[in-house]
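Remarks on the structure that follows.
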Amino acid sequence: MTARIIDGKEIAKKLRYELAQKIDKEPVHPRLAVIWAGDNEASQIYVRNKQKAAQEVGIDCELFHFDKEVAESDIIALIHRLNHDQLVHGIIVQLPLPEHLNSKNILETIQADKDVDAFKMVMTGALWQNRASWTSATPEGVLYLLKTVISDLSGMHAVVIGRSDIVGKPMSGLLLNEDCTVTITHSKTKNLPEIVKTADIVVAACGQPKMVKKEWIKAGAVVIDVGITKVDGVLYGDVDFEEVKNVAGAITPVPGGVGPMTVAMLLKNTYTAYLKQKNSL
Ligand code: NAD
C-alpha cells in the first residue's frame with residue numbers, strides 16, 4: 001500500500017484564500033500583535049512567515065521586537081497596553097523566549113479573548129471542557145488535516161506521541177472532543193512501538209527525527225507528523241516518511257504538512273477573536 005500524501009501546503013493555501021474572502025467583507029482589518037524577544041534564527045523565520053501570511057489574508061500584523069536582555073516587566077507592560085487597545089484583536093508571544101524570562105507568567109498576562117495561541121491556563125480548561133472558541137494552532141491544524149481524510153473520527157484509537165503544553169496535550173484534548181479513544185505517550189512510555197501499532201491515528205510530536213518506523217504502524221493508519229528538527233541543515237519529522245508511507249493509509253510530509261497549517265490556523269483564530277470582540281461591542 002502507498003499512503004495518500006496529505007498536502008498541508010495546499011490545504012493551508014485554500015484556507016487562507018477562504019479567510020481572505022471573509023476578511024475582505026469586514027469594515028476594518030483584524031489586527032494581530034506579535035511579540036518577539038531575542039535573536040533566535042528559527043523564531044525570526046517563523047515571525048516573518050506569520051507576518052507575510054497575515055498580510056496576504058488582510059490581517060494587520062504588528063511586530064514588537066525586544067533585544068534579548070529585555071526585562072520581563074517591559075513585555076508585561078506592553079501586553080497590558082495591547083490588552084486595552086480595542087484595535088488589537090490577537091496577541092501572540094513567539095516562543096522560545098530568552099531564558100531569564102518566565103514564559104508562563106508572560107503568557108498568562110494576555111487577555112483570554114486575545115489569546116489566539118490559546119496557551120493560557122483558562123484556554124486549556126476551556127478545551128478540556130469542550131467549550132473553547134479556538135485552540136492552539138498546531139493541534140487545530142492537525143485536526144483539520146485529519147478531517148480531510150477521515151469523515152468520522154468517533155471511536156477511533158488515536159495515539160499522540162508527546163505531552164507538551166503546546167502540542168501533545170491540546171492535541172489529545174481535541175481528539176477526545178471528537179470522541180476518539182486517546183492514548184497519550186511520552187518519553188517515559190514503555191513499549192511505545194507496540195502501543196503505536198494499535199492506533200488508527202498517530203500524531204507524532206516528540207522532536208525525535210525519524211523515530212517512528214514502519215513496523216510501528218498498523219496497515220492503513222493515518223499518520224500526522226508534527227515534528228520538525230533540523231539536522232545538518234535538513235528538516236526532519238518524527239516519522240520515517242520514506243518507509244512509513246508504504247504502510248500508512250495517509251501521511252503528512254515534512255516540510256509541507258503540519259507547518260503551513262499552524263500559520264493558517266493562527267490567522268483563523270485571529271479572525272474568530274476579531275468577530276467575537278466586534279460582536280461584544
Ligand atoms: P517538547 O520538547 O516541548 O515536547 C516533546 C514531547 O515529546 C515531550 O512530551 C516528551 O515527553 C516527548 N518525547 C521526547 N522524546 C520522546 C521519545 N523518545 N519517545 C516518546 N516521546 C518522547 O516539544 P513540542 O513543542 O511539543 O514540539 C514537538 C515537535 O513538534 C518538535 O519537533 C517541534 O519542533 C515540532 N513543532 C512543530 C510545529 C509545527 O507547526 N509543525 C509546531 C510546534 C512544534
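Before moving on, here are some points about what is shown:
- Kirkwood radius for the stretch 60-149, taken over all pairs of different Cα atoms as the inverse mean of 1/r, rounds to 14.4 Å.
- The alpha carbons of the chain stretch over 53, 42, 35 Å along the principal axes, in descending order.
- The distance from the alpha carbon centre of the stretch 83-121 to that of the stretch 28-62 is 14 Å, rounded to a whole number.
- Stretchable slack from HIS100 to GLN86, in nm (0.36 nm times residue separation minus alpha-carbon distance): 2.0 nm
- The stretch 142-281 - charge dipole about Cα centre, Lys and Arg +1 at Cβ, Asp and Glu -1, debye rounded to 20: 360
- Mean separation of Cα pairs under 8 Å and 6 or more residues apart, divided by the residue count, gives the stretch 1-126 a relative contact order of 26 percent.
- Farthest positive-ward along the chain dipole, Cα basis, beta-carbon charges - from THR252, MET123, LEU153: LEU153
- Distance between the 7 Å Cα→Cβ label points at ASP152 and MET1: 2.0 nm.
- Normalised by the number of residues in the stretch 209-281, the mean separation of alpha-carbon contacts (under 8 Å, six or more apart) gives a relative contact order of 32 percent.
- Checking the cross-link pairs LYS25/LYS278; LYS50/LYS276; LYS13/LYS52; LYS14/LYS245; LYS9/LYS268 against a 18 Å limit on the alpha carbon distance flags LYS50/LYS276; LYS14/LYS245 as lying beyond it.
- Loop sites in the stretch 84-141: trypsin sites (Lys or Arg not before Pro), DSSP, at most 11 other Cβ within 10 Å: ARG131
- Debye, to nearest 20: dipole size of the stretch 66-146, +1 on Lys, Arg Cβ, -1 on Asp, Glu Cβ: 300
- Rounded to 10°, Cα long-axis angle of helix 137-149 versus longest principal axis of the chain: 40
- Every Cα-Cα pair in the stretch 207-281 was counted, and those over 22 Å apart are 39% of them.
- Gained length - MET121 relative to ASP179, 0.36 nm times residue gap less alpha-carbon distance: 18.6 nm
Values in this text are rule-based calculations from the coordinates and carry no lab data. Computed from a prediction, not measured in an experiment: that's the story for all the values here. Every residue, glycine among them, receives a Cβ derived from its backbone with ideal geometry; neighbour counts consider all protein chains shown.
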